[in-house]
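Here is the structure we will look at.
Derivation of every value follows stated rules applied to the coordinates shown; laboratory data play no part. These numbers come from a predicted model, not from an experiment. Glycine gets a Cβ as well: all are built from the backbone with ideal geometry, and neighbour counts include every protein chain shown.
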Amino acid sequence: MAHHEGNDMSKSVDDRPDWDTYFMDIAHVVSRRGNCRRRKVAAIVVADRRIVSTGYNGTPRGVRNCCEGGCERCASDVPSGSDLSSCICCHAEENAITQAAYHGIRLKGATIYVTISPCLTCAKMIINAGIVEVVYGGDYAFNEQTRKLLAEAGVACRTYVPGPLARESAVAAEACCQTGAPAAKPGKPA
Ligand SMILES: [Zn+2]
Ligand SMILES: [Zn+2]
């Protein structure tokens with residue numbers, strides 16, 4: 001039969017990851033560059049399904065890395081979530097936004113993918129950078145105030161839900177999130 005090939009094609013499955021999984025997987029790869037001894041986080045800013053900026057957490061440009069003792073707060077034994085005001089590590093969202101500024105890229109109307117939910121300060125930057133959507137992996141003390149602020153400013157916010165084809169990726173991401181970060185338990189702030 002001449003139509004064999006066509007029939008085979010109709011049985012083929014699109015086994016590509018959905019867009020959310022595609023960007024979240026990339027975010028997890030980026031997080032491996034995170035230079036904070038407390039936790040590794042990454043953010044990807046996407047406009048028209050193109051990555052326009054990326055960021056991972058760590059000390060500012062030109063400053064000794066957190067993993068080499070650059071951040072006294074992170075190197076100390078203060079409990080997770082405390083003394084955050086003396087932490088000199090930049091958050092992943094902060095770095096994704098400032099990297100865009102550094103290269104003169106506008107983020108108006110973009111979506112930001114973050115491996116964990118944003119803090120209040122990053123939420124403020126997300127709003128004023130003109131980002132209109134936040135997709136986050138795990139919950140990082142995603143408090144009511146931050147959630148409300150994003151909602152009031154009209155920034156859509158949703159948890160990343162892996163598609164049916166994303167199971168393997170999700171397992172890989174989980175494994176990578178748990179490496180090297182003593183404070184990486186879900187829900188525990190850095
Ligand atoms: Zn740090
Ligand atoms: Zn933050």
Completion exercise
Most exposed first, judged by fewest Cβ atoms within 10 angstrom, Ile112, Ile26 run Ile26, Ile112
Problem - Alpha-carbon centroid distance for the pair region 14-77 / region 129-155, whole angstrom - result: 18
Handout entry: Distant-in-sequence amide H partners of Ala42 (H built 1.01 Å from N, under 5 Å)
Key = Thr115, Ile116
Problem - Residues with amide H under 5 Å from that of Thr59, placed H, sequence gap 5 or more - result: Cys66, Cys90
Handout entry: From phi via Karplus (6.51, -1.76, 1.60), per-residue ³J(HN,Hα) for region 108-117 in Hz, x at Gly/Pro
Key = 4, x, 7, 10, 10, 9, 10, 5, 9, 4
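Would you kindly state how much longer the chain becomes between Asn128 and Glu144 on full extension, computed as 0.36 nm times their sequence separation minus their alpha carbon distance, in nm to one decimal? Numbers along the way, then the final one.
Working: separation 16, 0.36 × 16 = 5.76 nm, distance 1.93 nm.
Gain on extension, Asn128 to Glu144, equals 3.8 nm.
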Exercise for the section: Determine ³J(HN,Hα), in whole Hz, for all residues of region 61-75 in sequence, where each value follows from phi through the Karplus function 6.51 cos²θ - 1.76 cosθ + 1.60 and θ = phi - 60°; x replaces Gly and Pro. Expected result: 3, x, 10, 3, 4, 4, 5, 9, x, x, 10, 4, 5, 5, 6
Practice task
Could you state, as a whole-number percent, how many of the C-alpha pairs of region 1-121 are farther apart than 18 Å?
Solution key: 59
